[in-house]
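Below is one structure, written out as structure tokens, with a few remarks after it.
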Amino acid sequence: MMSDLHRPLYVPEILVNALNQDETRPLIQLQGSAATAGASLLTVGDVRDAASQFAQALQGMGLGKGSRIGLLSPNRPEVLHVANAVQVLASVYSPMHPMGSFDDHLFTLTDGELDVLIFDAERYGDHVAKLAAQLPRLKLISFGDHPLATNLTTLAASYAPQKLVAPRVEPDDVVRLGYSGGTTGKPKALASVQRTGLVTIQLMLSEWEWPNPPRFLSCTPLSHAGAAMFIPVLMKGGTMLVLPGFDPVTVMQTIQDQRINCMMLVPTMIYALLDHPRFDEFDLSSLETVFYGASAISPPRLKEAIERIGPVFMQFYGQAEAPMSVCVLRKSEHDINDLQRLASCGRPSPWLHVEMLDSDNQPVADGEPGEICVRGPLVMNGYRNNPELTAETFSGGWLHSGDVAVRDPGGFLRIIDRTKDMIVSGGFNIYPRAIEDILAEHPAVSQVAVIGVPHEKWGEAVKALVVLRAGQSVAAEELVAMVADRKGAYQAPKSVEFIDAIPQTPVGKPDKKALRAIYQA
């Protein structure tokens, strides 16, 4: 058809085309409990055939284009097989975080009106039974045997692999129903479309610094960011080694033994590696690129990571509403002698329009705080069933990120803080991240979170929650003085509390919502 002459390919077609090449090349290597069933090494052909078998099994149960398929599982090969099968069927994929709460999972199933939940029977059997008791019409499919579910692993194995045929999809077809944040309230339903998925992969291939070929270590959930690496690794001719989860010693041992050359970590994982007493026992010299993002990183700790691991760090900045690659800070742009640069999230991708706007949607000058706002094909269509929030987020024809930043003359953006995290004390706006960065410079400090707590006189007062490095100590007064010297007494913490750990969201971000619930009560 002439109408198809210049029609772009979307992710299902790209996936099928890529899986039909180099079928004998090793693609997935499963480590530890991630290798739950069958071979621990899967070739491109193995993954292609599994996609066919799982797609046939799901189709045989009445699922197809537009079906809403939830997934709840730790890392195991079937997670990737389901994700690929969903692309082949043009279904809507709604993975739930394996560390999420019962209430979060119930909210996703009900708010998303999911048709089916695929789950790991051994890990989540009892959990899902409780969910099913409240959702009697929900169809259950399991990895492994479960009395309430059809065993998908066994059923898929009963089908002979067939040639993969990509479905015809349109740019605004919904491909994924995800739930954003929840750090400031109930999770928000984001309907990601084929256009967004395509551009996400294009940006990761063009903007990210991949070794050639990549030997990528996945230690984050395959149901989330871990799976986002699969197609880029496939198209770069690489291999993905999958761990069941993040354990510092296992990660470092695997890097050493398997000569891993790239991986993705969130900042708290980087801190855990650096702070581990066995860090110096391992040879991490094979690493060429460590992608990091998802939350702000402490500049002093990033400097330490570069000095101890090497100049291998590349930051990506985005959010669920515009994933992964709004800005990047390349390896060569990490200047260990410039903490302001290490506090930067990089420069905007040339594929997108990125502007710093004030509260009237007007551009701000370099050096002045403004909200990072984005336009372009990476941006989501909106929040599902929430036109008011969509209109607010897209005010003035821009995606408003909620991140306040300043731009330097070189075009690098430095995030000051989230607008919702700002503290108002005595009429002054105080940005917690600036205080956190100062406190993190102290050699005794491992991690820190700063929040506002109620105060009769000033409205809010600055409170610092500090995690110390093992065997280290520091007086609270010394930390207060550090901030007062640099930012003035009005921004210095009025209280400092030493805690064992900072609570994390399921995706590894410091959970300030949880901290505020504790300390603002």
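The values are calculated or read from the model by the stated rules, or taken from the named source; none is laboratory data. As the structure is a computational prediction, the values presented were derived from the model and not from experiment. Positions of Cβ are generated from backbone atoms using ideal geometry, with glycine treated the same way; all protein chains shown enter the neighbour counts.
Suppose we filter 127, 146 for residues that are within 24 Å of residue 97 (Cβ to Cβ) and touching a Gly at 6+ places or on another chain (Cβ under 7 Å); which single one remains?
Residue meeting the stated conditions: 146.
Out of the residues in the range 155-196 meeting the condition of being part of a loop (DSSP other than H, G, I, E, B) and under 21 Å from residue 110 (Cβ atoms), tell me which one is modelled with the lowest pLDDT.
183
Take the range 244-258 and flag every residue that is in a helix (DSSP H, G or I) and among the acidic types (Asp, Glu).
257
Matching residues to (1) assigned by TED's automatic domain parsing to the domain that holds residue 58; (2) part of a strand (DSSP E or B); (3) surrounded by fewer than 23 Cβ atoms within 10 Å (Cβ to Cβ); (4) modelled with pLDDT of 95 or more:
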| site | (1), (2), (3), (4) |
| --- | --- |
| 82 | yes, no, no, yes |
| 85 | yes, no, no, yes |
| 127 | yes, no, yes, yes |
| 140 | yes, yes, yes, yes |
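Every residue in the range 142-154 that is outside any loop (DSSP other than H, G, I, E, B) and either under 18 Å from residue 74 (Cα atoms) or touching a strand residue (DSSP E or B) at 6+ places or on another chain (Cβ under 7 Å) (or both), please.
Passing the criteria: 142, 143, 150, 151, 152, 153.
Taking the range 295-340, which residues are in a loop (DSSP other than H, G, I, E, B), over 15 Å from residue 265 (Cα atoms) and touching a residue at least 60 places away in the same chain (Cβ under 8 Å)?
Result: 320, 321, 330.
Which one of the conditions (1) modelled with pLDDT under 90; (2) part of a helix (DSSP H, G or I); (3) under 24 Å from residue 446 (Cα atoms); (4) not aliphatic (A, V, I, L, M) does residue 226 fail to meet, given that it meets all the rest?
Of everything listed in (1) modelled with pLDDT under 90; (2) part of a helix (DSSP H, G or I); (3) under 24 Å from residue 446 (Cα atoms); (4) not aliphatic (A, V, I, L, M), residue 226 misses just condition (3).
Which members of the range 216-225 meet the condition of being of a type outside the set (S, T, N, Q) and crowded, with 22+ Cβ neighbours inside 10 Å?
216, 217, 219, 221, 222, listed by residue number.
With respect to the numbered conditions (1) surrounded by 14 or more Cβ atoms within 10 Å (Cβ to Cβ); (2) without any contact (Cβ under 8 Å) to a residue 24 or more places away in the chain, which one is the sole condition not fulfilled by residue 492?
(2)
Do we find a residue being polar (S, T, N, Q) and either buried (at least 19 other Cβ atoms within 10 Å of the Cβ) or touching a strand residue (DSSP E or B) at 6+ places or on another chain (Cβ under 7 Å) (or both) anywhere in the range 401-415?
Checked against the condition, which is being polar (S, T, N, Q) and either buried (at least 19 other Cβ atoms within 10 Å of the Cβ) or touching a strand residue (DSSP E or B) at 6+ places or on another chain (Cβ under 7 Å) (or both), the range 401-415 yields at least one hit.
So which residues in the range 261-286 are assigned to a loop (DSSP other than H, G, I, E, B) and over 22 Å from the mean Cα position of the chain (by Cα)?
276, 277, 278, 282, 283, 284, 285, 286, listed by residue number.
Condition check ((1) part of a strand (DSSP E or B); (2) closer than 18 Å to residue 318 by Cβ) across all residues:
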position	(1), (2)
389	no, no
392	no, no
402	yes, yes
406	yes, no
410	no, no
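Somewhere in the range 130-138, is a residue buried (at least 18 other Cβ atoms within 10 Å of the Cβ), modelled with pLDDT of 95 or more, out of contact with any Pro (no Cβ under 6 Å at 6 or more places or on another chain) and within 25 Å of residue 509 (Cα to Cα)?
Within the range 130-138 (the criterion being buried (at least 18 other Cβ atoms within 10 Å of the Cβ), modelled with pLDDT of 95 or more, out of contact with any Pro (no Cβ under 6 Å at 6 or more places or on another chain) and within 25 Å of residue 509 (Cα to Cα)), the answer is no, since none of the residues qualifies.
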